[in-house]
1. Per-residue HN-Hα couplings for region 85-90, Karplus 6.51 cos²θ - 1.76 cosθ + 1.60 at θ = phi - 60°, whole Hz, x for Gly and Pro?
2. Mind telling me which of Gly52, Gly20, Gly28 comes out most flexible in a GNM of the chain, alpha-carbon contacts under 10 Å?
3. Which aspartates and glutamates does Lys54 reach when only Cα atoms under 12 Å apart count, and residues fewer than 8 places away in its own chain are ignored?
4. Angle check, please: helix 25-37 long axis (alpha carbons) against the longest principal axis of the chain (alpha carbons), in degrees 0 to 90, nearest 10.
5. Please give the length that would be gained between Ala25 and Leu13 if that part of the chain were fully extended, namely 0.36 nm times their separation in residues minus their C-alpha to C-alpha distance (nm, one decimal).
6. I want the local charge near Gly12. Using Cβ-Cβ distances under 12 Å, sum +1 for each Lys or Arg and -1 for each Asp or Glu among the other residues.
7. Long-range amide H contacts for Leu16: which residues qualify at under 5 Å (H placed 1.01 Å from N, peptide plane, sequence gap of 5 or more or a different chain)?
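Where a number appears in this text, it was derived from the coordinates with a stated rule and is not lab data. Everything quoted here is computed from the prediction, not taken from an experiment. Please note: Cβ atoms are built from the backbone with ideal geometry, for glycine as well, and neighbour counts cover all protein chains shown.
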Amino acid sequence: MVFLLRWKSNTGLFLLEYPGPLLTAEEGSKREEQYESEKLGSYLYFFKCKDGSKMCVDATHEVRYGKFVNDSLASLANCQMKQVDLDTGPRLCLFATRDIIAGTELRLFFN
């Protein structure tokens, strides 16, 4: 679980990044099979880029908070994953979908 600790977050504010190396969807699927065979839990996030290509971010071995945001029903979610395009490639970032006060658990609807 990840909680907003220090400040109030306003709607639309950047909260954190979903960390990890950017992979093709094919490489992500291979890692998913590998992790399953090793009985290792995984934090693979598959997504479709704005250009239509399919990619994956593998946060399995990351220690940053982004991978620990819990899934939620759409009606209870208070943040949203958005693709941010940088020179180094797309990044997945969480943004507040409503005002969030300190101490509130960050919840994401994985649609």
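1. Result, rounded to whole Hz: 8, 10, 4, 8, x, x.
2. Per the Cα network of the chain with a 10 Å cutoff, Gly52 tops the list.
3. Glu26, Glu27
4. It works out to around 90 degrees.
5. Residue separation times 0.36 nm, minus the Cα-Cα distance, leaves 1.5 nm.
6. +1
7. Those qualifying (amide H under 5 Å, at least 5 residues apart or on another chain) are Leu94.
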